[in-house]
Amino acid sequence: MAPLPAKLLKKLRQADALIVEADVSGNDSPFTDLPAFADLDERISDELRQRLHKITHELGISPSLFSTQPLWQIAMILQATQAQQLGLRPEYGIDYQLLKTAKQAQKPIIELEGASSQIDLLCQLPDNGLALLDDTLTHWHTNARLLQQMMSWWLKSPPQNNAISLPNTFSQSLYDVLMHQRNVAWRERLHAMPPGRYVVAVGALHLYGEGNLPALMR
């Protein structure tokens, strides 16, 4: 996903500010100061543990890495590792490249949430994010195909119909918390912005499906 298209860079140069979910261009980890939890074997079922071990074996990582981490963080690490093994790299992420370019051009950067707010949201998930870990393991291969589809859209062109149906990788309750409620909050934040020219960069899943951000903005 690098370099960024010339058309996008031109829009950024002409923009009054760059708007992102969170500024991820720094070196600080958002996962510092998280509390340690009881051993993982005490927090998940035997069936879930077996599925987790199957995925960690596929990824070539040890499940012992997750012994005291919150369940939502385990899900996030698995998803990030999967993305890297499919060829995606954090330093080539669209938001990361836009942030670096905006800072070099001394453009204002506006966060819709910020990393700390995102971590707070994850920490508030019921059962320490058990549903997110379960969904991650259940939809593991579907999510891989979805990532590959997103990469294909970036390299070619995304579908113009934002009513397109994407594979469902979240339970409805998780989708409401992690996608729809945030889209609604972002809409209010964006509508409250002063008139101007902005480049807005959010995750691709916020652009399609039920309650997607572009539809809410209309």
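The values are calculated or read from the model by the stated rules, or taken from the named source; none is laboratory data. Keep in mind that what you see is a predicted model, and the values were worked out from it rather than measured. Positions of Cβ are backbone-derived with ideal geometry, glycine not excepted, and every protein chain shown enters the neighbour counts.
Would you please name the residue that is farthest from L4 (Cα to Cα), looking only at residues in region 80-93 that are touching a residue at least 40 places away in the same chain (Cβ under 8 Å) and part of a loop (DSSP other than H, G, I, E, B)?
Ranking the qualifying residues of region 80-93, first place goes to L86.
Output the residues belonging to region 21-47 that are closer than 15 Å to G114 by Cβ and either aliphatic (A, V, I, L, M) or outside any loop (DSSP other than H, G, I, E, B) (or both).
A22, V24
Can you say whether L71 is surrounded by 16 or more Cβ atoms within 10 Å (Cβ to Cβ), farther than 19 Å from V199 by Cβ and either in contact with a Cys (Cβ under 8 Å, 6 or more places away or on another chain) or not acidic (D, E) (or both), as far as the supplied structure shows?
yes
Tally up the residues in region 137-174 that are among the hydroxyl-bearing types (S, T, Y), within 23 Å of I94 (Cα to Cα) and modelled with pLDDT of 90 or more, please.
So the answer is 1.
Which one is farthest from the chain's Cα centre (by Cα), of the residues in region 1-37 that are within 15 Å of T101 (Cα to Cα) and among the polar types (S, T, N, Q)?
Q14
Say whether the condition of being under 30 Å from A102 (Cβ atoms) and without any contact (Cβ under 8 Å) to a residue 40 or more places away in the chain is met by at least one residue in region 60-79.
There is at least one residue in region 60-79 that is under 30 Å from A102 (Cβ atoms) and without any contact (Cβ under 8 Å) to a residue 40 or more places away in the chain.
Specify which of the listed residues (P195, P167, P126) is loosely packed, with under 14 Cβ neighbours inside 10 Å and under 20 Å from I19 (Cα atoms). Walk me through it before giving the result.
Working: P167 fails: under 20 Å from I19 (Cα atoms); P126 fails: under 20 Å from I19 (Cα atoms).
Step by step, each of P195, P167, P126 is checked, and only P195 is loosely packed, with under 14 Cβ neighbours inside 10 Å and under 20 Å from I19 (Cα atoms).
Which number in (1) within 30 Å of P35 (Cβ to Cβ); (2) in a helix (DSSP H, G or I); (3) of a type outside the set (F, W, Y) marks the one condition that T169 misses?
The failed condition is (2).
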